[in-house]
Amino acid sequence: MTSFSSTCNILIQLIQLYIHFIPTRLNKIFLLFQPITATLKHSDGSTEDIVLNHTFNEPQIAWFQAGSALNRMKEVAAAN
């Protein structure tokens with residue numbers, strides 16, 4: 001089992017002069033208990049996919065997909 005410190009060091013090495021973090025199709029595949037794939041774009045132009053775990057619950061995912069909690073509240077109010 002790797003320690004938190006080791007994991008952070010590995011991520012820092014992977015990012016290599018990190019330029020851009022691109023969530024991959026996040027709105028379409030952001031599901032409860034499912035990891036998220038993100039693409040890291042390095043300064044040399046190369047890219048690499050990493051898998052990330054999240055702790056969002058269903059309402060938080062709905063808020064994210066709506067753009068904000070207020071947008072989600074507006075959607076719910078309009079549906080009623």
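The values are calculated or read from the model by the stated rules, or taken from the named source; none is laboratory data. All figures in this text were calculated on a predicted structure; none of them were measured in a lab. Heads up, the Cβs are rebuilt from the backbone with ideal geometry, glycines too, and the neighbour counts pull from every protein chain shown.
Among the residues of the stretch 54-70, is any small (Gly, Ala, Ser), surrounded by fewer than 11 Cβ atoms within 10 Å (Cβ to Cβ) and at pLDDT below 80?
No: zero hits.
Failed condition for Thr2, given (1) modelled with pLDDT of 70 or more; (2) loosely packed, with under 13 Cβ neighbours inside 10 Å, with all others met?
(1)
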